[in-house]
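Input: a single structure, listed below in structure tokens.
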Amino acid sequence: MSQLLSYIASLKLTFFLLILLLVTIMITHNGELSYVTFLSLPLFLLCVNLVAAIVSNKAFQQNLALLYFHLTLLATVVLIALSQLTFLEGWVELNEGETFTGKLDGQTQGLFHQFNLKQDDFTNLAVQLEFTPFIAITAIRSRVLTTIDNKEQEFVIGEHKPLLIRNYRFYVTRNVGYSAEFTWQAFNTQGKRVAPETGTLNFPPFLSNEFGQTNQWQPSNSKTELWFMLQPESDILAQRKPTQLTLPQNHHLVVRSGEQRHILRVGQQLKLADGALTYHGLRTWMGYKVHYDPYKSYLLACSILTVLCLAWFFWQKFTRKSWLAPTA
């Protein structure tokens, strides 16, 4: 048994496993494969090798600094594994006045992540973007309404000041743009009353797509796909001085239905073959980045302890003999 343990704890096996880990990282990175799937085996084998070394090597029992260094190193690897298995990275777009539905527009997550976002966690009240056209963005903020300790409170989110909900961190991004609000009334074709539907259509982020404010949408119960283009009637970015992104005072929408082209202003209605579309106006929308990694703070603390233990070990090593003592 001791012979098997010494073999598992050998430095030759450690060197082989490190080479295996390096090759796996290179293959995973170049092939854009899942790190969690392909790195699990070499990391697990390295942990087994390290545990065997701690148990079988008497040097660890004689030197507390060396022992603590390897224990904190092992804890760091375990925390990294837990972080990758439970993390979540996602994004969601919300209009001004819109309440979070509990669903993200897209996400990547670890194998064992338990989704815990809920409907009505917060409401996006207002979006503020301060910038100098074609020079720099100076500030991005979002004001939200959330419930903390059963009390509704307003909170301001920034690029480095997230909204924290059950370890989920919501950050603002530079994806800020305009959103058109419509009501679609499908025509009655089968003797049944069809309820009108009100919703929004987000145009691309404005600062990076000033001349590409287009999007497509197919109304429900309709076979027609509509193409929209937002057309401000004045140059919003004309002045090269600090300003805020606000709704254009005068604008219209260009709507294409097949080969037909229409101009739609606020309050106007567009009648199509299978329904009527009413345009209510513009709002702004904000793209939020969502991050979940509850082990990050523990990982930072463990990494600091690892460095301190390593410094303790080398301090002991270099102070066993006075640096001022004469050498032979």
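Values quoted throughout were computed directly from the atomic coordinates according to the rules given, and no laboratory measurement underlies them. Bear in mind that the values here come from a model prediction, so they are computed numbers and not experimental data. Cβ placement follows ideal geometry from the backbone for every residue including glycine, while neighbour counts extend to all protein chains displayed.
Calculated from the structure at hand, mean projected area of the Cα convex hull in nm² is found among (1) 17.9; (2) 15.8; (3) 29.8 as (3). Placing a pseudo-label 7 Å from each Cα along the Cα-to-Cβ vector at K296 and I148 gives an inter-label distance of 1.8 nm.
Placing unit charges on the Cβ atoms of the charged side chains and taking the dipole of the chain about its Cα centre, the candidate lying farthest along the positive direction among V176, F44, Q249 is F44. Pairs from the list K103/K289; K151/K296; K118/K151; K161/K289; K118/K289 with a Cα-Cα gap above 21 Å: K151/K296. The aspartates and glutamates within cross-link reach of K223, meaning a Cα-to-Cα straight distance under 19 Å and a gap of 8 or more places when in the same chain, are E197, E259, D274.
Please report, in debye to the nearest 20, how large the charge dipole of the range 89-291 is about its Cα centre when each Lys and Arg carries +1 at its beta carbon and each Asp and Glu carries -1 there.
80
A cut-off of 5 Å between modelled amide H atoms, ignoring neighbours fewer than 5 places along the same chain, links L272 with L277. By the rule of a C-alpha distance below 23 Å, with chain neighbours fewer than 8 residues away ignored, the lysines paired with K12 are K58. Taking the C-alpha atoms only, the angle from helix 296-318 to the longest principal axis of the chain is near 30 degrees. The peptide list 147-156, 18-27, put in order of mean Cβ contacts within 10 Å with the highest first, becomes 18-27, 147-156.
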